[in-house]
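The structure under discussion appears below in the form of structure tokens.
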Amino acid sequence: MTGFGRAEQTVGDKTFQVDIKSLNGKQFELLLKLPAFLKPLEFDIRNILSKKLGRGSVDCTISLKETGSAKPVSINTSLARAYYKPLAELSEALNLDPSNILSTLVKLPEVITPTADTLRDEEWKAFQKILNAAIDDLNLHRVEEGKSLEEDLLLRIDNILSQQEHIVKLEPLRQQKIREGLTKLLDEKVGKENFDSNRLEQELIYYIEKIDISEEQVRLENHCDYFKVTMSGDEDSKGKKLSFILQEIGREINTTGAKAYDAAIQKCVVVMKDELEKAKEQILNVL
């Protein structure tokens, strides 16, 4: 799910700002930007983010703000002096403006390098609190989005159940239509006196049983109830489980449509399929 989190705090002589942005995604994908001196701790930072965020396309930027005493880089003054003398002589020999020497010096190899300092143990513990605060801030946004998703998904399931109740009412009328239609067809094509009414009744019972959709409707209702129960559960990650339940709901809807042979029921099936597709799109955003 989407969200944004930020935290800022001073640790020792360093002030850190952590910005985390998360977009929907099936897997955990992390783009991590951090100062060079935190590189030795990159693996630990990635583990914390992965464990607490679960999945999604995550963009995390950790920046070091200037505090006056913090030293994100170090300057090798001895090496700079060694470079300066031949550069000054060359500048004089070529009649060049010596004011540009400094800008040239800082670009030369090893003159300015990232500081080799890393966080001490107590600083690392304090930094983890900053990182976790940013993650918690992001997760608050996710929770708010989750409430909206829950309302929408439950609405889709309720709409499917509403159509299912309508189908249950239409089912007896469908069977009566099939019975009357087949009897009328035989009367017109064969003649009432040319077929055994008892045998016809047996065949009708067999045929109607083959296209009976009562079992599908019971299973559909059970799957929808199970979806609601799972939604209200305390599981940390339930997106995949809910997706599987939606697949089962779709299977019962498709079977109902294949067996229906009734225009009114087919209309209900079309509405149910539309609601199901909307639920499937939303479930991709659920962790």
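A few comments on the model shown:
- Of everything in segment 47-65 that is basic (Lys, Arg) and touching a residue at least 60 places away in the same chain (Cβ under 8 Å), the residue that is farthest from Val286 (Cα to Cα) is Lys52.
- Identification of strands (runs of 3 or more DSSP E) wholly contained in segment 1-117 with 3 or more residues that are surrounded by 14 or more Cβ atoms within 10 Å (Cβ to Cβ) and at pLDDT 75 or above yields 3-11, 14-23, 28-33, 56-65.
- If you go through segment 228-241 and keep only what is in contact (Cβ under 8 Å) with a residue 60 or more places away in the chain and under 18 Å from the mean Cα position of the chain (by Cα), you end up with Met231, Asp236, Ser237.
Residues are listed down the side, and each one gets a yes or a no for (1) part of a helix (DSSP H, G or I); (2) modelled with pLDDT of 90 or more:
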| residue | (1), (2) |
| --- | --- |
| Glu188 | yes, no |
| Arg199 | yes, no |
| Tyr207 | yes, no |
| Asp212 | no, no |
| Arg219 | yes, yes |
| Lys228 | yes, yes |
| Asp236 | no, no |
| Phe244 | yes, yes |
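- Residue list for segment 261-287, restricted to those being not in a helix (DSSP H, G or I) and not aliphatic (A, V, I, L, M): Tyr261, Asp262, Asn285
The values are calculated or read from the model by the stated rules, or taken from the named source; none is laboratory data. The model shown is predicted, which means the values in this text are computed figures rather than measured ones. All Cβ positions, glycine included, derive from the backbone under ideal geometry; neighbour counts span all protein chains shown.
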